[in-house]
Amino acid sequence: MFHDIEESIKKRMQYLENLDQKDRLDGTHRMERLRQIPPDTGKFISILAASAPDGEFLEIGTSGGYSALWIALACRLQGRKLITFEILKDKARLARETFELTNTKDTIELIEGNALKYIHNYNNISFCFLDAEKEIYSECYDLLVPNMIKGGILVADNAINHYETLKPMLEKALADERVDALIIPIGKGELVCRKI
Ligand SMILES: C[S@@+](CC[C@H](N)C(=O)[O-])C[C@H]1O[C@@H](n2cnc3c(N)ncnc32)[C@H](O)[C@@H]1O
């Protein structure tokens, strides 16, 4: 998966990494800041996605499409599709450009809109990467878990750097008997849940 990444994907990943780095160095608080995951987290979710059972693959929070590219590596390996949601027009435009330039439009479907309005349409979720505004994590969790299949994997970003804000949702997940869950100290901290 990581040894034969196509040049166009490598190039776009590098471009987005540079853009994200620039945002952080500028200390900008622009709404359109990418706020994307670091490369090691990308590899981590890619390996988890490749190990997920057959079913629907979702991502909540596309931004420029960086994490979607990592998940797409797993989708291509397994012949699956990723559906990713982005609420902001400018971010959706950037993500569309990402999927165009990397020829991943056959693997990644971008839905522009509020993910909360769409989750109920998916009843066989086998993988989901949750990386949106922290205020909606708990609601997303409540909508996603009942619709996940046995062995399905949910990964939520920012479990350590936003621990205090996410605490009620994290504690709910860690105590939830429908899943096995733990927090992994990689990147900004990943909550990983596997549906029982
Ligand atoms: C942290 S960024 C995602 C970074 C991306 N996963 C990556 O690593 O490349 C969060 C994104 O979620 C989007 N977002 C926030 N709330 C959303 C919602 N309700 N539905 C869809 N997208 C949402 C934001 O506009 C933002 O682009």
Computed, not fitted: 222 nm per-residue ellipticity of the chain from DSSP H runs ≥ 4 (each -39500 (n - 2.57)), nearest 500, equal to -13000 deg cm²/dmol
Under the rule rounded for a/c under 1.5, else prolate if a/b exceeds b/c, else oblate, using alpha carbon gyration tensor axes a ≥ b ≥ c, segment 1-111 is classed as prolate
At R0 = 41 Å the Cβ-Cβ FRET efficiency linking K172 and E7, nearest 0.05, sits at 0.45
Surrounding charge for L182, neighbours by C-beta under 11 angstrom, Lys/Arg +1, Asp/Glu -1, total -1
Mean separation of Cα contacts under 8 Å (at least 6 apart) over the residue count of the chain, i.e. the relative contact order in percent, is 19 percent
With x for Gly and Pro, the residue-by-residue ³J(HN,Hα) of segment 145-155, computed from phi through the Karplus equation 6.51 cos²θ - 1.76 cosθ + 1.60 at θ = phi - 60° and given in whole Hz, is 4, x, 9, 8, 7, 4, x, x, 10, 10, 10
Sorted by chain and then number, the residues having a modelled amide H within less than 5 Å of the amide H of I184, at least 5 places away or on another chain, are E190, L191, V192
Averaged over all viewing directions, the convex hull of the alpha carbons in segment 136-196 casts a projected area in nm² of 3.6 nm²
Each label sits 7 Å from Cα toward the beta-carbon; between L19 and K150 the label points are separated, in nm, by 4.2 nm
For segment 124-140, Karplus-derived ³J(HN,Hα) couplings (6.51, -1.76, 1.60; θ = phi - 60°; whole Hz; x for glycine and proline) come out as 10, 6, 10, 8, 9, 10, 9, 8, 10, 5, 4, 5, 9, 4, 5, 5, 4
Ordering 2-14, 66-78 by per-residue average of other C-beta atoms within 10 angstrom, highest first, gives 66-78, 2-14
Taking Rh as the Kirkwood radius computed over alpha-carbon pairs of segment 7-195 and applying Stokes-Einstein at 4 °C with viscosity 1.567 mPa s, one gets a diffusion coefficient in µm² s⁻¹ of 79 µm²/s
Partner aspartates and glutamates whose C-alpha sits under 18 Å from that of K150, ignoring same-chain residues fewer than 8 away, are D54, E56, D142, D176, E177, D180
Partner lysines whose C-alpha sits under 28 Å from that of K10, ignoring same-chain residues fewer than 8 away, are K22, K43, K81, K89, K91, K105, K188
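Charges only on Cβ, +1 for Lys and Arg, -1 for Asp and Glu: so what's the dipole of the chain about the Cα centre, in debye to the nearest 20?
Numbers: 26 positive and 31 negative charges, 31 e Å.
Dipole about the Cα centre, nearest 20: 140 debye.
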Descending packing, highest mean Cβ count within 10 Å first, for 170-182, 124-136 is 124-136, 170-182
Rounded to the nearest 5, the percent of antiparallel DSSP beta bridges in the chain equals 35 percent
Counting only residues 5 or more apart in sequence or on a different chain, those whose built amide H sits under 5 Å from that of V179 are I196
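Just so you know, all these numbers are worked out from the coordinates, no wet-lab data involved. Predicted, not measured: the structure shown is a model, and the values here were computed from it. Every residue, glycine as well, gets a Cβ built from its backbone with ideal geometry; the counts of neighbours run over all protein chains shown.
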